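Here the structure is laid out as structure tokens; the discussion comes afterwards.
The values are calculated or read from the model by the stated rules, or taken from the named source; none is laboratory data. On a predicted model such as this, the values are computed, not experimentally measured, just so you know. Virtual Cβ from ideal backbone geometry, glycine too; neighbours counted across all protein chains shown. What goes into the accessible areas is simple: the full protein's heavy atoms, side chains included, and nothing from ligands, DNA or RNA. Shrake-Rupley method; radii C 1.70, N 1.55, O 1.52, S 1.80 Å.
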Amino acid sequence: MAAAAGDDAGMDAVQRRLMFEDECILVDEQDNVVGHESKYNCHLMEKIESENLLHRAFSVFLFNSKYELLLQQRSATKVTFPLVWTNTCCSHPLYRESELIQENYLGVRNAAQRKLLDELGIPAEDAPVDQFTPVGRMLYKAPSDGKWGEHELDSILIIVRDVKLQPNPDEVADVKYVNREQLKELIQKADAGEDGVKLSPWFRLIVDNFLMRWWDHVEKGTLTEVVDMETIHKLKE
């Protein structure tokens, strides 16, 4: 479970290691790199509010050849947003050379390939970096449980591939592919509070603002027509 306010003792050992070892990329609101900070500090609401810490992130939307979207349910041990349903993979490029490359968002795409393997067991050859299409960017802030939260500048990547899956239980509680109608049903359950279904705030923002239009273009093979990496959409929960 997420650590209680003021107490990190209950934090899962794997998540604790990631929180202190991973260095996120700090950016300004134009996505310019301004420094780096531990994943721990980047997700403390106290730090987010007092120092306006904003870090770079990515969200992957992976569709199979039937144009179904792969969703994951975050594990119970995740520090932020445990057991919520979300898009295929959401994480952070790290402050390392391969993930700081700005050209064609290669750093973010390298990070996405790394985390698809780490979280979902998707081999690198099933998710080549040149197959990710960066489609948009958004900036949002979302508290998780009072102590923890997110303040991210999120690059959204779409990839259409049939992949092998071997989810990592430290990261992922469940996975499923959904078509549009099944996604709408999941959203309705979350809105009604049925079956304990919850959606991550970033996933919900993307669904409400962009996803269905992008999905149309994924199916038509015209995704490049809706790419907009110039605009940084400032969105609120």
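Brief remarks on what is shown
- Test: residue in segment 144-156 that is under 25 Å from LEU26 (Cα atoms), surrounded by fewer than 20 Cβ atoms within 10 Å (Cβ to Cβ), hydroxyl-bearing (Ser, Thr, Tyr) and under 19 Å from the mean Cα position of the chain (by Cα): yes
Yes/no per residue for (1) among the β-branched types (Val, Ile, Thr); (2) assigned to a strand (DSSP E or B):
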{"site": "ALA57", "(1), (2)": "no, yes"}
{"site": "LEU62", "(1), (2)": "no, yes"}
{"site": "LEU70", "(1), (2)": "no, yes"}
{"site": "THR77", "(1), (2)": "yes, no"}
{"site": "LEU83", "(1), (2)": "no, no"}
{"site": "CYS90", "(1), (2)": "no, yes"}
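- Residues within segment 95-122 that are open to solvent by 10 Å² or more (accessible area, probe 1.4 Å), over 26 Å from THR222 (Cα atoms) and either of a type outside the set (D, E, K, R) or not in a helix (DSSP H, G or I) (or both), tallied: 7
- Within segment 53-94, the residues that satisfy the criterion of being among the small types (Gly, Ala, Ser) and open to solvent by less than 10 Å² (accessible area, probe 1.4 Å) are ALA57, SER59, SER75.
- Checking the stated criteria, ILE159 turns out to be of a type in the set (A, V, I, L, M) and in a strand (DSSP E or B).
- Scanning segment 128-140 for residues that are closer than 21 Å to LEU94 by Cβ and within 15 Å of the chain's Cα centre (by Cα) yields PHE132, PRO134, ARG137, MET138, LEU139, TYR140.
- Residue count for segment 55-83 under the criterion of being closer than 20 Å to MET138 by Cα, hydrophobic (A, V, I, L, M, F, W, C) and modelled with pLDDT under 95: the result is 1.
- Only listed residue being over 15 Å from ILE159 (Cα atoms) and exposed (fewer than 12 other Cβ atoms within 10 Å of the Cβ), chosen from GLY193, GLY221: GLY193
- Restricting ALA124, ALA142, ALA190 to residues that are aliphatic (A, V, I, L, M) and without any contact (Cβ under 8 Å) to a residue 24 or more places away in the chain narrows the list to ALA124.
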